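Just below is one structure, and these are the notes that go with it.
The values are calculated or read from the model by the stated rules, or taken from the named source; none is laboratory data. Since the model is a prediction, treat every value here as computed from it, not as a measurement. Cβ placement follows ideal geometry from the backbone for every residue including glycine, while neighbour counts extend to all protein chains displayed. Ligands, DNA and RNA are excluded from the accessible area calculation, which covers all protein heavy atoms including side chains. Shrake-Rupley method; radii C 1.70, N 1.55, O 1.52, S 1.80 Å.
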Amino acid sequence: VVLIWHLFKNEPWGVKPVVLVGIPLEGAVWSIPLLLIAPLFTIVAMSSTTTLDGIASLPLFDRLLVSISAGLYEELLFRMVGIAILHAIFVDLCRMRNMQGTLLAIFGSACAIAWYHDPSLDAPVATAFYLLAGLELGILFVARGFAVAVWTHVIYNTVIFSLMLNG
C-alpha cells in the first residue's frame with residue numbers, strides 16, 4: 001500500500017539512515033504511556049480473556065510474530081483504512097471542517113478497535129483501555145504517520161506478549 005501510494009505521488013525514492021533508526025525509537029517512546037497504563041487495566045479485566053490466554057500459551061517466538069503481525073494489521077485496518085474512510089465520510093460527504101472530521105475519524109477508529117478487541121463489551125475496563133490505546137494510536141497516525149503508529153503498537157505488543165508466562 002505504501003509503495004503504491006509513493007509511486008502514485010511520483011516522488012523521488014530514497015532511504016535516510018536516521019529515519020530507519022528514528023522511527024522505531026519514536027515508536028518506543030510512544031509505547032511507554034501504553035505500557036504504563038496497561039497494568040491498571042489488565043489486572044482488573046484483561047488478564048482473564050481467552051485471547052490473551054491463547055497467546056500466553058504460545059512459544060516466545062510465536063508471540064513475537066503475533067506482536068508484529070497484529071500491530072501491522074490493526075494499524076493498516078483501523079488507522080490507515082479506517083481513519084481515511086471515516087474522514088472521507090465526515091469531510092467530503094458531510095462537509096464538516098477538516099479538524100472536526102479528523103477528530104471524529106480518530107474517535108470512530110478508536111471505538112472500532114475497542115469493539116474489535118472486546119466485541120461483547122462485557123468488560124468496560126478492558127474496553128476503556130482499548131479505547132484509550134486507539135485514541136493514542138489514532139492521534140499518532142494523524143500527527144506522526146503510519147510508521148510511528150505501527151512501531152508503537154508493535155513495541156507495546158512485543159513487551160506485553162513477551163512478558164506473559166506460558167499457559
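Taken about its Cα centre, the chain carries a charge dipole of roughly 460 debye when the Cβ of each Lys and Arg holds +1 and the Cβ of each Asp and Glu holds -1.
Relative to the longest principal axis of the Cα atoms of the chain, helix 17-42 runs at roughly 50 degrees.
Within the accessible area of the chain, the carbon and sulfur atoms contribute 75%, probe 1.4 Å, all protein chains present. Structural descriptor for the chain: relative contact order 37 percent, calculated from alpha carbon pairs under 8 angstrom and at least 6 residues apart. At most 12 other Cβ atoms within 10 Å plus a DSSP loop assignment makes a site exposed; report the longest stretch of the chain without any exposed trypsin sites (Lys or Arg not before Pro). It works out to 1-94. What percent does the relative contact order of region 107-151 come to when contacts are Cα pairs within less than 8 Å and at least six residues apart? Reported relative contact order: 37 percent.
Selection among 163, 139, 70 by position relative to the dipole of the chain gives 139 as farthest towards the positive end (Cβ unit charges, Cα centre). Per-residue 3J(HN,Hα) values for region 134-145, derived from phi via the Karplus relation 6.51 cos²θ - 1.76 cosθ + 1.60 with θ = phi - 60°, read x, 5, 4, 5, x, 5, 4, 4, 5, 7, 10, x Hz in sequence order (x marks Gly and Pro).
Probing with 1.4 Å while keeping every protein chain in the model, the per residue accessible area of the chain equals 61 Å².
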